[in-house]
Ligand SMILES: CCCCC/C=C\C/C=C\C/C=C\C/C=C\CCCC(=O)SCCNC(=O)CCNC(=O)[C@H](O)C(C)(C)COP(=O)(O)OP(=O)(O)OC[C@H]1O[C@@H](n2cnc3c(N)ncnc32)[C@H](O)[C@@H]1OP(=O)(O)O
């Protein structure tokens with residue numbers, strides 16, 4: 001097995017897969033701000049204990065808002081092209097369940113390049129709860145899956161997760177900053193081996209490894 005951080009082939013062009021591509025500038029900051037506000041709304045709905053009349057009133061307002069926003073919709077296959085001065089263009093889906101910053105369902109996780117891979121910070125609100133006060137294991141796995149997949153993508157080898165293994169060492173707390181790191185550890189034909197971990201206050205709460213299978217054109 002060889003460790004490879006640079007691709008031996010051209011990065012696939014999403015247009016070749018029939019996906020539409022937009023640039024970061026095409027996303028209005030107002031949309032990011034709206035998504036952030038809706039994250040607070042989701043968290044508030046999950047926790048609220050107000051009177052029934054208040055719940056009925058809130059539902060009416062949200063229903064009307066939903067109708068307004070549905071007036072024009074983006075396709076789920078839209079891919080975002082991120083230009084980075086020190087690297088070639090990178091792609092990610094705009095509506096991504098983990099890192100999509102326009103997606104209120106996403107925490108969202110935002111990742112930056114490090115010497116050997118990617119690192120990001122994220123805080124999971126109570127909306128991501130599993131056991132009392134702790135993050136749901138599925139969301140912990142989702143954070144790792146995203147970071148591991150993005151690490152392969154950042155190394156120029158985007159692919160799909162064929163296999164994901166997660167070890168939960170400690171509970172991952174809610175409402176606390178978490179660090180997520182991931183890197184490519186090797187390649188074998190179309191397989192990209194990746195590993196990563198989540199830390200809280202420097203303490204590892206979960207580790208993951210995955211096999212990403214590179215996209216075949
Ligand atoms: C497409 C647009 C391009 C533009 C890019 C756009 C965006 C992406 C850019 C960057 C990435 C950024 C972020 C990434 C973010 C997200 C991460 C989230 C990832 C996901 O959320 S993703 C969804 C869940 N994921 C699936 O939905 C996969 C369903 N699945 C399949 O689509 C197929 O199953 C596939 C494609 C995996 C393989 O199919 P296939 O036909 O292409 O290849 P094949 O079967 O020949 O396997 C080839 C080699 O992988 C080995 N292999 C296969 N399966 C294995 C397994 N389970 N365990 C161990 N090894 C396995 C074989 O043994 C062989 O190995 P060997 O070379 O040694 O023979």
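The values are calculated or read from the model by the stated rules, or taken from the named source; none is laboratory data. These numbers come from a predicted model, not from an experiment. Counting neighbours? That spans all protein chains shown, and the Cβs are built from the backbone with ideal geometry, glycine included.
Only one of these conditions is not met by residue 112: (1) assigned to a strand (DSSP E or B); (2) under 21 Å from residue 26 (Cβ atoms). Which number is it?
In the conditions (1) assigned to a strand (DSSP E or B); (2) under 21 Å from residue 26 (Cβ atoms), residue 112 misses (2) alone.
Taking residue 109 as the residue in question, decide whether it is within 26 Å of residue 35 (Cα to Cα) and within 12 Å of the ligand (Cβ to nearest atom).
yes
Can you tell me which residue is nearest to the chain's Cα centre (by Cα) among those in the range 153-178 that are buried (at least 16 other Cβ atoms within 10 Å of the Cβ), assigned to a strand (DSSP E or B) and away from the ligand (no atom under 14 Å from the Cβ)?
The qualifying residue nearest to the chain's Cα centre (by Cα) is 178.
Say whether the condition of being assigned to a loop (DSSP other than H, G, I, E, B) and either near the ligand (Cβ under 10 Å from one of its atoms) or under 24 Å from residue 36 (Cα atoms) (or both) is met by at least one residue in the range 193-206.
Checking the range 193-206: not a single residue is assigned to a loop (DSSP other than H, G, I, E, B) and either near the ligand (Cβ under 10 Å from one of its atoms) or under 24 Å from residue 36 (Cα atoms) (or both).
Checking the condition modelled with pLDDT of 95 or more, under 19 Å from the mean Cα position of the chain (by Cα) and surrounded by 12 or more Cβ atoms within 10 Å (Cβ to Cβ), which residue from 111, 144, 65 passes?
On inspection, the qualifying residue turns out to be 144.
For residue 134, work out the one condition from (1) at pLDDT 95 or above; (2) surrounded by fewer than 15 Cβ atoms within 10 Å (Cβ to Cβ) it doesn't fulfil.
Here residue 134 meets the rest and fails (2).
List, please: which pairs have Cβ atoms under 6 Å, are six or more places apart or on different chains, and start with a residue in the range 149-177 that is under 17 Å from residue 207 (Cα atoms) and end with one that is modelled with pLDDT under 95 and not in a loop (DSSP other than H, G, I, E, B)?
These pairs meet every condition: 150/111; 152/159.
For residue 213, indicate whether it is near the ligand (Cβ under 10 Å from one of its atoms) and either closer than 29 Å to residue 131 by Cα or crowded, with 16+ Cβ neighbours inside 10 Å (or both).
yes
Across the range 80-90, which residue is nearest to the ligand (Cβ to nearest atom) among those that are touching a strand residue (DSSP E or B) at 6+ places or on another chain (Cβ under 8 Å) and at pLDDT below 80? If you could, list the steps in order and put the result at the bottom.
Taking the range 80-90 first, the residues touching a strand residue (DSSP E or B) at 6+ places or on another chain (Cβ under 8 Å) are 80-84, 86-87, 89-90.
Filter once more, keeping what is at pLDDT below 80: 82-84, 86-87, 89-90.
Values: 82: 10, 83: 14, 84: 13, 86: 17, 87: 12, 89: 10, 90: 6 Å.
The residue in question is 90.
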